[in-house]
Each structure stands twice: as structure tokens, then as C-alpha cells.
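One structure below.
Just so it is clear, none of the values below were taken in a lab; they were calculated from the coordinates. Computed from a predicted structure; not experimentally measured. Because the Cβ atoms are built from the backbone with ideal geometry, glycine has one as well, and the counts that use them run over all protein chains shown.
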């Protein structure tokens with residue numbers, strides 16, 4: 001298919017530029033990258049023991065960053081890949097995969113082929129994402145899961161499917177296993193989008209499929225807290241709310257300029273260039289596109305889930321004390337589609 005060839009050419013160019021500009025001479029792992037790298041080493045050691053009990057213990061020892069945040073790195077190290085390469089290789093892979101997923105979501109939203117290709121290109125060539133993809137970060141994997149959930153919700157808006165509903169629940173569980181705030185955001189998006197869909201069509205099938213998504217997602221997320229519960233809850237609390245006196249709050253206070261309830265921090269970030277790196281023209285296209293999509297969503301139900309996700313993302317991360325330009329990465333799939 002021509003669009004697949006175009007996407008492959010575009011992403012190949014992006015990967016070459018990222019490798020030459022970011023990966024080839026990058027500095028050693030630091031901060032949360034190093035923490036995930038160390039967790040990966042522990043997983044590699046557990047796998048070397050050929051013991052399910054050791055792997056199970058490792059999974060439940062991951063409290064601040066859930067297991068999937070470092071599992072790909074650990075598996076690669078177990079296979080003999082060096083820690084530096086094992087840190088960035090999964091991130092770059094999921095960065096590439098995310099662009100194809102964005103093109104697929106654009107197709108589900110019934111955008112023309114050129115817009116599907118353009119939305120992926122905007123995503124792949126955003127400077128912030130180029131920087132992230134060269135390190136050990138959770139955003140690309142989280143984006144893949146979130147976009148997959150949006151594809152499922154948009155398909156559900158057309159026709160109810162119990163298979164898609166079950167996959168949505170699985171998506172919530174996976175998002176929680178990548179990062180706790182991703183899980184909360186995906187659960188809220190699925191719950192609200194499916195609730196609005198039921199109220200719009202008022203059919204029992206819509207209610208049942210919504211219930212399958214929400215209940216299975218809640219169950220899969222809850223299972224992850226069944227063992228070592230207190231430590232995981234404390235870790236999740238630090239990540240999500242930056243509680244008073246916690247390490248997360250001290251880190252946020254030292255390295256971020258935002259404050260809790262600053263609802264203009266991320267909208268301003270779009271137009272400031274800096275680490276995000278968007279031109280003002282692209283940022284303007286994103287804002288105008290979101291407004292247009294909100295209008296379309298009234299008569300095109302498949303557009304509602306992306307807009308619900310973006311709205312919940314904005315509220316959730318604006319209310320948080322910890323604000324980083326990197327956190328804007330998970331909003332970029334929807335913004336990239338809106339810009340096209």
C-alpha cells in the first residue's frame with residue numbers, strides 16, 4: 001500500500017536522524033533512566049535463575065515504576081544486549097510503532113490518506129519525541145497503549161463489540177503496568193467515553209460492552225496491587241499526587257516551574273518552542289484542529305474518545321504539582337491528528 005511505503009520512508013528518515021543526533025554519542029543513563037536500567041538488571045538476574053518465583057518477586061518489587069516500565073530493557077539485557085543499548089532500543093521501537101498506530105487511528109477517524117500519513121509525520125518529527133526516543137522513557141510505550149485504546153473506543157462508537165470491549169479492559173491493565181497515571185487516565189477515558197456512548201444510543205448491548213471494558217480494566221489494574229500492596233500504593237501516590245514531604249514533590253519543586261492547578265502551563269508550552277520544539281504555526285494548527293474536532297464530535301461519535309482523552313489529560317496533568325515538558329508527549333498523538 002502506498003501509505004505504508006510513505007510511512008516507512010518517513011520513519012526511516014526520522015530514525016536515522018535520531019540515531020545520528022541523539023543516540024550515537026548520548027550521555028550515560030541518569031535519574032529515572034538509571035532507575036529503570038537498574039530494575040532491568042534485576043529482571044535479567046531473575047531470568048537467569050530460570051525461576052518463576054524470582055520473576056514474580058521482581059514484578060511485585062517494582063513499586064514506583066511498574067514492571068512494564070523496565071521489563072523490555074531487562075529482557076534485552078538477559079539476551080546479552082548492553083545496558084546502554086537495552087535502555088534506548090525498546091523506546092525507539094515503541095516510538096516507531098506509535099507513529100503507525102497514530103496513522104491507524106487517523107484512518108479509523110475517517111481522515112484522508114494524506115492526513116493519516118501527515119499525522120504520523122508530525123508525531124515522528126516533534127523534537128521532544130526525538131529526544132525521548134533516544135533514552136529509557138515510558139512515554140512511547142504508554143502512547144502505543146493509549147492510541148490502541150482510542151482506536152478501540154472509536155470502533156465501539158460505530159458498532160458494539162464484546163471482543164473490542166475485552167481488549168479495552170486489557171489496555172487499561174497494560175497502561176497501569178507501564179505507569180500508574182497512564183492507567184488512571186485510560187480508565188477514566190474508557191469509562192467516560194463508554195458512558196456517553198450508552199447515553200447516546202440507549203441500548204443494552206452498549207451498556208454490557210461498556211461494563212465489560214470497565215470491570216475487566218479495573219480487575220486487571222487491581223490485580224497488580226494484590227501483592228506488596230502498601231508499597232505499590234505509596235509509590236503510586238508519589239507518582240500521581242506528589243504528596244507533601246515525598247521525594248516526588250521535592251523533585252517536582254526543584255525541577256519544574258509549574259504549580260498545581262495551572263491549567264495554562266501545557267497550552268503555553270505548545271507555543272514556547274523550547275524542549276517541546278513545535279513551531280508556532282504547528283501549535284496553532286493543533287489548537288485550531290482541536291476546536292474543529294470538538295465541533296465534529298457532535299455528529300461524528302468516533303471523534304468523541306480522542307477529545308475525551310485530551311480533555312481528561314489536560315485536567316489531570318494540570319492539577320498535578322509535577323509539571324515537565326516531557327509529560328506533554330502523551331497528548332501529542334491526538335494533537336498531531338488534530339493538526340492534520
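Key figures
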item: Relative contact order %, the stretch 1-154, counting alpha carbon pairs below 8 Å whose residues are six or more apart; result: 30 percent
item: Label point distance in nm, residue 159-residue 84, each placed 7 Å from Cα along Cα→Cβ; result: 5.2 nm
item: Calculated on alpha-carbon atoms, Rg and Dmax of the chain in Å; result: 19.7, 57
item: Normalised alpha carbon radius of gyration of the stretch 114-164 [divisor 2.2 N^0.38 Å]; result: 1.44
item: Calculated SAXS-style log₁₀ I(q)/I(0) at q = 0.15 Å⁻¹ - the stretch 1-120, Debye, Cα scatterers; result: -0.79
item: Label-to-label distance, nm, for residues given as residue 227 and residue 24 (7 Å Cα→Cβ offset); result: 4.5 nm
item: Contact order relative to length of the chain, as percent, for alpha carbon pairs under 8 angstrom and 6 or more apart; result: 20 percent
item: Sequence-separation-based contact order of the stretch 62-150, relative, with Cα cut under 8 Å and 6+ spacing, percent; result: 36 percent
item: Hydrodynamic radius by Kirkwood, which averages 1/r over all alpha carbon pairs of the stretch 85-153, in angstrom; result: 12.1 Å
